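Below is one structure, written out as structure tokens; the observations come after it.
Taken together, the values in this text are just the output of simple stated rules run on the coordinates, not laboratory data. Treat the numbers as computed from the prediction; the structure is a model and nothing was measured. With ideal geometry, Cβ positions are generated from the backbone for all residues, glycine too; neighbour counts draw on all protein chains shown.
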Amino acid sequence: MKVLFAASEAFPFVKTGGLGDVAGSLPKALQSKDTEIRVILPNYAAIADEFVSHMTPEAEFTVELGWRKIPCRIQRLDHQGIVYYFLSSDYHFNRPNYYGYADDGERFALFCKSVLTGLKYLDYQADILHSHDWHTALIPLLLQENFRMEPFYSGMKTMLTIHNLQYQGQVPLDCFEDLLGLGGHTAAWEKLEYKGCLNFLKAGILAADVITTVSPTYAKEIQHAYYGETLDAILRQRKADLHGILNGIDTDLFDPSKDPFLAINYRSDWAKKKQNKKALQELLNLPAEGDRPMLAMVTRLVAQKGLDLVMHILIELMSMDLQLVVLGTGDKRFEESLRYFAEKYSDKFILCTTFDEVLAHKIYGGADLLLMPSKMEPCGLSQMIAMRYGTLPIVREVGGLKDSVIPYNEFTGEGTGFSFANYNAHELLFMIQKAVKLYYENKKAWTALVKNALSKDFSWHQSAGQYKKLYQHLLKKGN
């Protein structure tokens, strides 16, 4: 069974968020389950030289993009047992940033068409094309409309994974002919057109053989208007083919027993975790005397992550006997407001507005509590990483947070963290107060929760098995 992953990013080459983590770690888990996985992504200028220097030429060809003929190249890199293909178009991808350009629609339309065109030039006839998010959502549609009649492509099946429904890839209507060359394709028009524009993700949802999302709860949520981002009716239309599979994490990369970024490695030794907390406090110039709980956020500073709730209760938080560390970048309004409080309460609140992978590991290893009060969260990885390090998450019961965090039960002692239901600042505050009270007053119960969290298996093993079953089901349907 041969599967080609098409994604706009994959760790360690390109990463801006959870998509990069998934596309970087899931293929390794699938490869171990007798599935041949290869990955194709754009060859951005920002990819590190340590990878570029080991790439080898694989194919050169031209792609018709409307009336234009675009020269493209594919280079290959074998990395950690996986074959990666990097697709180059100098005009489209030789730029400083990955995203954020006015012609992003054209860039990723080209990528989708190049993936399909380039397959014929590779020694790899995939059984399944697995697309990720809007950047590659045109692949199922283009396969149906432009490629399926060729024998090489006739048996290929498609899967689309939605990592975040908010991002849909919308471009002007005139791109239908000028960009995609689909004039006269009535079925393609009906799949692409949406509210006065072309919507790449909508087309992928309607054209793919199977659709997945990154958690079971998110798969249910997006079929309703509140979370459906105006596509809920279309998702309900495909509900029989819509599956939620919880993401995993790379448990080799996030392993406190061998993490090179920690002051001291540990697995179940609680005293050693406390030593990491002390080292983190010293690094951040926070007082290390006394045993007060450290609350942390490792996140994008955007409204989706519940930052408005945090801002609403920050004064009350600062009146509590705790420390707060926030690592992340995002909206200027949140950065500036948090910076004001960090300067005012510098003895207990540290703000780091940067992307720092090393510091993130140190925070996971040293903090006691991780705060994730998200307004919406398709899956979330930070809460899984935190539990892997014995750091208890405080989350809102939404999306993958609900699927991965078992709320503390004070009567049975069960749980791996703390959770609240409604998007309400004072529900969040109450849950923080409850967690801090438990930390101070019942060390036995706290330690049991930490052990529960440490025992959870968030590897890709189970989820990869679910993907493999879907792949097998797809191929059986084809027969």
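The lysines within cross-link reach of K120, meaning a Cα-to-Cα straight distance under 20 Å and a gap of 8 or more places when in the same chain, are K2, K69, K157. Label 7 Å along Cα→Cβ of F355; the stretch 24-61 residues with amide nitrogen under 12 Å? Residues 46-48 qualify, since their backbone N sits under 12 Å from the label point. In the stretch 328-479, taking the dipole from charged Cβ atoms about the Cα centre, the farthest positive-side position among S346, Y389, G465 is held by G465. Counting only alpha carbon atoms, the long axis of helix 307-318 and the longest principal axis of the chain meet at about 10°.
Remark: the stretch 393-405, residue by residue, has Karplus-estimated 3J(HN,Hα) of x, 10, 10, 8, 7, 8, x, x, 5, 5, 6, 10, 10 Hz, where x stands for each Gly or Pro and the curve is 6.51 cos²θ - 1.76 cosθ + 1.60 at θ = phi - 60°. Annotation: amide H of A296 within the under-5 Å range of V325, L369, L370, L371, sequence separation 5 or more or interchain, hydrogens built in the peptide plane.
So if I place +1 on the C-beta of Lys and Arg and -1 on the C-beta of Asp and Glu, and nothing else carries charge, what would the dipole magnitude of the chain be about its Cα centre? I want it in debye, nearest 20.
Details: 52 positive and 56 negative charges, 214 e Å.
Once rounded to the nearest 20, the dipole reads 1020 debye.
Counting neighbouring beta carbons within 10 Å and listing from fewest to most, the residues D178, D123 come out as D123, D178. Taking the C-alpha atoms only, the angle from helix 443-455 to the longest principal axis of the chain is near 20 degrees. Assuming charge only on the beta carbon of Lys and Arg (+1) and of Asp and Glu (-1), the dipole of the stretch 242-388 about its Cα centre is about 100 debye to the nearest 20. Each residue of the stretch 372-387 was assigned a 3J(HN,Hα) from its phi angle through the Karplus expression (A = 6.51, B = -1.76, C = 1.60, θ = phi - 60°), giving 9, x, 5, 6, 8, 8, x, 9, x, 10, 4, 5, 6, 4, 4, 5 Hz with x at Gly and Pro. Between D331 and D241, the modelled label-to-label distance comes to 3.6 nm, taking each label 7 Å out from Cα in the direction of the beta carbon. Centre-to-centre, using Cα atoms only, the stretch 1-18 and the stretch 154-207 are separated by 21 Å. Of all aspartates and glutamates in the structure, the ones whose alpha carbon falls short of 17 Å from that of K477, not counting any fewer than 8 places away in one chain, are D127, D209, D241.
For the stretch 270-455, what is the Kirkwood estimate of the hydrodynamic radius, computed as the reciprocal of the mean inverse distance between distinct Cα atoms, to one decimal in Å?
Details: mean 1/r = 0.0618 Å⁻¹.
About 16.2 Å, per the Kirkwood formula over Cα pairs.
Charges on Cβ only, +1 for Lys and Arg, -1 for Asp and Glu, centred on the Cα centroid of the stretch 270-455; of I315, M376, M297, which one is farthest towards the dipole's positive end? Ranked along the dipole, the leading option is M297. Inter-part distance, the stretch 449-479 to the stretch 238-254, computed on C-alpha centroids, equals 7 Å. Dipole magnitude for the stretch 126-285: computed about the Cα centre from +1 point charges on Lys and Arg Cβ and -1 point charges on Asp and Glu Cβ, it is near 900 debye.
Between the helical axis of 18-31 and the longest alpha-carbon principal axis of the chain there is an angle of about 70 degrees. Residues whose amide H lies under 5 Å from that of E414, counting only those 5 or more places away or on a different chain, are N409; hydrogens are built 1.01 Å from N in the peptide plane. Spatially close Lys pairs in the stretch 219-347, defined by Cα atoms under 16 Å apart and a spacing of eight or more places or different chains, total 4.
Taking amide H as placed 1.01 Å from N in the peptide plane, L301 has its amide H under 5 Å from the amide H of T329, G330, D331, each at least 5 places away in sequence or on another chain.
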